[in-house]
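Chemist: Quick one: the structure is below, and I'll ask about it shortly.
The values are calculated or read from the model by the stated rules, or taken from the named source; none is laboratory data. The structure presented is a predicted model; accordingly, all values stated were derived computationally and were not measured. Methodologically, a virtual Cβ is constructed for each residue, glycine included, from the backbone with ideal geometry; neighbour enumeration extends over all protein chains shown.
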């Protein structure tokens, strides 16, 4: 059955026939609904988050407001606003809503819904919107049962899922319903929702005249990890344990979340001190200390992409050619963090951290580029030697470009006796490989090149 209030949907032109029970429904048992349900946005202006879709002027927002969005699949983690956005799509569409869960709907029920939709269209001209939660539970047969009804306009589909629709929905269904990806809410957005719930008297907790400690609000917003429903549920429980006119404390929020607050200001000294200790521990080849500081940052809600960027830099600056695979592993880790997201990205960060911490270390590449940059910035730059210049045109060859260049592969050891550095008082050598890890092999190779150079000089 459709939830109370769905029968009187507002028309796109703002008809006053709409029932507010759509957004303030009564529980079938008469009990008061959870705060998260009561605080659902009534208009798109009240919706918090998803600015990549719903910012003023965005095409998706305009289509929702005009009631012309069509069939969509809303894909997001829990608590990001899938259900609330589905309600708003229905609100602006002027359609009758059939709200169902894919867990309990079979092919026969889909057919009955379609028959009702057709009868309604003939009798009243009102279209039907099928709101289908947990659509990832539909098997291929159930998905196929929807196709014809979406094709002929029997109803419009708004499906909601926490699973990747590109893996669990058929191509045929995806071709008839666009996928809209919702993002976890930012801390500031969670904080806004909590503060709104505390102020709102009609639907929220405003009648209790409660305050919340700044640290408690910060901890709740951060620990919710983008899940608005979790934050509002915890807030409601905290409100029930706080006297009217009182203050919700950090201690109470910590107890309800079962997570102590980690003191961590992402713009303050502790933020920079922690990342500094983390990088220095990896550089110092202490995986346990590195994991300790990594855990501090993860528990405090640090952006995993920030941590990964620092590991990418370290892979070249501090590991370098002592283990050339360090940068490969770090780059793969950065891609994996982007694709997987939190909380599973914690494992990827730990993997890369331990790998780099236990790798042989060399900053020879870092020192080398610093020396080269210093030379280029502080000294006169002579012309490029003629034999090294490009000669794509005969006229350039006549000017001597590329003349006398020796192709190294034409020589026995793949090395040709010719100069590459321009003349100058340079800080050479720039690159001095260590005898650690793979750089020991590089050192041996370069020493062999120097031997060949000396043998040539001796022959001259």
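Chemist: Between residues in segment 117-130 that are more than 13 Å from residue 149 (Cα to Cα) and residues that are assigned to a helix (DSSP H, G or I), which pairs lie under 8 Å by C-beta distance while being six or more apart or on different chains?
Modeler: 126/120
Chemist: Among the listed residues 114, 90, which satisfies the condition of being buried (at least 20 other Cβ atoms within 10 Å of the Cβ) and touching a helix residue (DSSP H, G or I) at 6+ places or on another chain (Cβ under 7 Å)?
Modeler: Answer to the check: 114.
Chemist: Just give me the residues in segment 147-188 being more than 17 Å from residue 89 (Cβ to Cβ), in contact with a helix residue (DSSP H, G or I) (Cβ under 8 Å, 6 or more places away or on another chain) and assigned to a helix (DSSP H, G or I), in sequence order.
Modeler: 147, 149, 166, 168, 172, 173, 174, 187, 188
Chemist: Further, regarding this structure: Suppose the filter is under 34 Å from the mean Cα position of the chain (by Cα) and more than 29 Å from residue 47 (Cβ to Cβ); does residue 142 pass it?
Modeler: Yes; evaluated as a whole, the condition is true for this residue.
Chemist: Within segment 378-401, restricting attention to residues that are part of a loop (DSSP other than H, G, I, E, B) and surrounded by 15 or more Cβ atoms within 10 Å (Cβ to Cβ), which residue is farthest from the chain's Cα centre (by Cα)? Write out each step before concluding.
Modeler: Of all residues in segment 378-401, those part of a loop (DSSP other than H, G, I, E, B) come to 379-385, 389-393, 399-401.
Remaining after also requiring surrounded by 15 or more Cβ atoms within 10 Å (Cβ to Cβ): 385, 389, 391, 401.
Details: 385: 48, 389: 45, 391: 47, 401: 50 Å.
Filtering first and then ranking leaves 401.
Chemist: Which residues, taken from segment 406-430, are loosely packed, with under 11 Cβ neighbours inside 10 Å, touching a helix residue (DSSP H, G or I) at 6+ places or on another chain (Cβ under 7 Å) and free of Cβ contacts under 8 Å to residues at least 24 places away in the same chain?
Modeler: Selection gives 414 alone.
Chemist: Take residue 192 and tell me if it is in contact (Cβ under 8 Å) with a residue 24 or more places away in the chain, surrounded by 15 or more Cβ atoms within 10 Å (Cβ to Cβ) and touching a helix residue (DSSP H, G or I) at 6+ places or on another chain (Cβ under 7 Å). It would help to see each step written out before you state the result.
Modeler: Details: in contact (Cβ under 8 Å) with a residue 24 or more places away in the chain: yes; surrounded by 15 or more Cβ atoms within 10 Å (Cβ to Cβ): yes; touching a helix residue (DSSP H, G or I) at 6+ places or on another chain (Cβ under 7 Å): no.
No; evaluated as a whole, the condition is false for this residue.
Chemist: Let me ask something else. Can you tell me how many residues in segment 342-377 are under 30 Å from residue 424 (Cα atoms) and not in a helix (DSSP H, G or I)?
Modeler: Here the count works out to 2.
Chemist: Go through the residues of segment 56-76 one by one and say whether even a single one is closer than 26 Å to residue 36 by Cβ, assigned by TED's automatic domain parsing to the domain that holds residue 170, within 22 Å of the chain's Cα centre (by Cα) and in a helix (DSSP H, G or I).
Modeler: For segment 56-76, residues closer than 26 Å to residue 36 by Cβ, assigned by TED's automatic domain parsing to the domain that holds residue 170, within 22 Å of the chain's Cα centre (by Cα) and in a helix (DSSP H, G or I): present.
Chemist: Working carefully through the options 158, 194, find the one that is touching a strand residue (DSSP E or B) at 6+ places or on another chain (Cβ under 8 Å) and outside the structural domain of residue 38 (by TED's automatic domain parsing). First the steps, then the outcome.
Modeler: Values: 158 fails: outside the structural domain of residue 38 (by TED's automatic domain parsing).
Unique residue meeting the criteria: 194.
Chemist: I'm trying to understand the selection: among the residues of segment 195-224, which are within 20 Å of residue 184 (Cα to Cα) and not in a loop (DSSP other than H, G, I, E, B)? Can you show your working first?
Modeler: Filtering segment 195-224 down to residues within 20 Å of residue 184 (Cα to Cα) leaves 195-197, 217-224.
The answer is 195, 196, 197, 217, 218, 219, 220, 221, 222, 223.
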